[in-house]
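These notes are about the structure you will find just below.
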Amino acid sequence: MEETLKIGKRVFKSRLMVGTGKYPSNETMKEALDASGAEVVTVAVRRVNLDRTKESMLDHLDTGKFTLLPNTAGCYTADDAIRTARLAREALDTEFVKLEVLGDEKTLFPDNEALLEAARALIKEGFAVLPYTNDDPIMARKLEDLGCVAVMPLAAPIGSGLGIRNPHNIRIILETIKVPVIVDAGVGTASDAAIAMELGCHGILMNTGIAGAKDPVGMAKAMRLAVEAGRLAYLSGRIPKKLYASASSPLQGLME
């Protein structure tokens, strides 16, 4: 049976989610999204014209093919994030929201207290909340307890391309909560994606790593293959690490 990813009430085959910003052109964005195999694409509500009577980046997205995941990027207060999520639900007719409440303009790290406040309010209103958070197992557990349908810890600062900075915390989060763990932010190349998936993460969301590459379409395909390979490797079970060599061809039973 083909493995699927369930988030809230929705089921997906692809474990790679892709952003729609920073591409050199809308045409490149469309080609990259197709090459990625993604089924979920994120839309920054504050940076996109949601008026469907006017030209918008949304005109270049096949909503019959992709599930739109609006995000509250650029929000620095709980109230602002809540208002933005409500606007997205009305304009895009979706209960899904990637919740971001930032606490610092330089690092773009999340404001944990405001994030919990906004998540609590939106969940009460029926939203399926996927919160962008730091790699703190305690925060992940609190967000799950509130009713978030997934948790999205950062691998590294947004757009940094540094890869998984703290794999140990990610592993602890995976052991701590039961909802899907989607790594968000910091993935720069295919090996970063594979490492995240080999840790046991359920999926990855990325934008800059693809959109900012010299060849976004080629990188999108590389990321798709890396996510698939990393997931398969995790499910297959790697061999234990050893300090010394272990012969691949045992000596026992050899004729003298």
On Cα atoms only, tilt of 216-236 relative to the major axis of the chain in degrees: 50 degrees
Report the calculated FRET efficiency for residue 246 and residue 225 (r = Cβ-Cβ distance, R0 = 41 Å), to the nearest 0.05. 0.90
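What accessible area per residue comes out for segment 1-131, rounded to a whole number of Å², with a 1.4 Å probe? It would help to have the intermediate numbers written out before the result.
On the way: 6490 Å² over 131 residues.
Counting only protein heavy atoms, the per-residue value for segment 1-131 is 50 Å².
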Once label points are set 7 Å from the Cα along Cα→Cβ at both residue 11 and residue 90, what is their separation, rounded to one decimal in nm? 3.5 nm
Which angle from 0 to 90°, rounded to the nearest 10, does the C-alpha axis of helix 78-92 make with the longest principal axis of the chain? 90 degrees
On C-alpha positions alone, give me the angle between the axis of helix 26-36 and the longest principal axis of the chain, in degrees, nearest 10. 40 degrees
Which percent of the accessible heavy-atom area of the chain goes to carbon and sulfur, probe 1.4 angstrom? 51 percent
Paramagnetic label zone (point 7 Å from Cα along Cα-to-C-beta, residue 235; backbone N under 19 Å) in segment 160-199: 179-183, 193-199
Quick one: net charge around residue 217, please, counting Lys, Arg +1 and Asp, Glu -1 for every other residue with C-beta under 9 Å from its C-beta. -2
Given 13/142; 6/214; 9/214; 98/178, which pairs have Cα atoms separated by over 30 Å? 6/214; 9/214
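If R₀ is 30 angstrom, what is the calculated FRET efficiency for the pair residue 168 and residue 27, using the beta carbon separation as r and rounding to 0.05? Mind dumping the intermediate values first?
Values: r = 41 Å, r/R0 = 1.37.
Calculated value: 0.15.
The values are calculated or read from the model by the stated rules, or taken from the named source; none is laboratory data. Since the model is a prediction, treat every value here as computed from it, not as a measurement. Cβ sites come from the backbone with ideal geometry, for glycine too, and all protein chains shown count toward neighbours. Protein only, heavy atoms only, side chains kept; ligands, DNA and RNA dropped before computing areas. Shrake-Rupley method; radii C 1.70, N 1.55, O 1.52, S 1.80 Å.
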